[in-house]
1. What whole number of Å gives the distance from the Cα centroid of the range 104-120 to the Cα centroid of the range 1-64?
2. Which angle from 0 to 90°, rounded to the nearest 10, does the C-alpha axis of helix 58-83 make with the longest principal axis of the chain?
3. Relative contact order for the chain: what percent, with Cα pairs under 8 Å and sequence separation of 6 or more?
4. What distance in nm separates the simple spin-label points at residue 82 and residue 14, each placed 7 Å from Cα in the Cβ direction?
5. Hey, what angle do you get for helix 2-19 against the long axis of the chain, alpha-carbon based, 0 to 90 degrees rounded to 10?
6. Need the full-extension length gain, residue 33 to residue 119, defined as separation in residues times 0.36 nm minus the C-alpha distance. One decimal, nm.
7. Be a star and scan the range 9-48 for residues whose amide nitrogen sits under 17 Å from the point 7 Å along the Cα-to-Cβ vector of residue 62.
8. Given the -39500 (n - 2.57) contribution per DSSP H run of 4+ residues, what per-residue ellipticity at 222 nm results for the chain, rounded to the nearest 500 deg cm²/dmol?
């Protein structure tokens, strides 16, 4: 199970980097708002490589925990913006509003699944 979590983390990190470039950098947001995605992708990659090479999933579990926290806040802040009809700060991006919130919800779900897989006791 931890191997599956590590492989999922590598794929998720690659998708996250692409999404950061497409959605957030195109919107003109200040750098702290879009670099957090690169940090999460880097830590997930590091944890995945370490898990695959050494078998320990502690760093991977911590990385998934950070990803869950980041996407939890992002998803629910976008959901709140949709519910109150306030304009999203990413309205100038290629993907905004409902589709962006749906993407963030999917990324939150994958992050939770990755965290649960990394916490399983079955090893590689």
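Every number in this text was worked out from the coordinates using simple rules, so none of it is lab data. Model, not experiment: these values are computed from the prediction. Glycine gets a Cβ as well: all are built from the backbone with ideal geometry, and neighbour counts include every protein chain shown.
1. Comparing the Cα centres of the range 1-64 and the range 104-120, I get a distance of 12 Å.
2. 20
3. Across the chain, relative contact order equals 39 percent.
4. Between residue 82 and residue 14, the label points sit 2.8 nm apart.
5. 30
6. Full extension of this stretch gives 28.1 nm more.
7. Correct set: 39-48.
8. For the chain, the value works out to -25500 deg cm²/dmol.
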